[in-house]
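These notes are about the structure you will find just below.
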Amino acid sequence: MAALAASLARPPEPRRDDAAPREPRAAGPPTAAPQPAPDAPSALSFDAAEKESVKLAAGAAATVEVSVEEAGTVDIPELGLSATADAVTPARFDVLATNPGRYEVTFTPAAGDRAQPAGKLVVTSAG
């Protein structure tokens, strides 16, 4: 069997070193480089029952948490944000407001249909 396999197999080709040496590639600018991690968004918390105002600089990212005493929905209508909350879980919003202004925060209890003022998010001019 070995003789049969040897007769059917191709003989090995001799190694050729006639290839011209390759020139090293010119080093170009890297296509990607590690960057420092961005600053973590600031955390802004307030209680809807206190009707507090919290400040945020325009262009700064923040996580806004609104605590409530009963189940319902917290809204920041001018930013198009809405989240549910209850006594143990605050409403949470990731915010990147670019326009300075006062943004009303409202709370609507689950058992009701009227939004109540819950505070203000005050976005101040950057700089």
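Can you give the extra length, in nm with one decimal, that the chain gains between Thr31 and Ala43 once fully stretched, where that is 0.36 nm per residue apart less the Cα-Cα distance? Walk me through the intermediate numbers first.
Numbers: separation 12, 0.36 × 12 = 4.32 nm, distance 3.43 nm.
Using 0.36 nm per residue and subtracting the Cα-Cα distance, I get 0.9 nm.
A simple spin-label model places the labels of Val122 and Ala87 3.2 nm from each other, with each point 7 Å out along Cα-to-Cβ.
Across the alpha-carbon atoms of region 40-127, the computed radius of gyration and Dmax are 12.3, 43 angstrom.
Read-outs throughout are calculated quantities, based only on the coordinates presented, and are distinct from any laboratory measurement. Since the structure is predicted, the reported quantities are computational estimates derived from the model, not experimental observations. Here the Cβ is made from the backbone with ideal geometry for all residues, glycine too, and neighbour counts use every protein chain on show.
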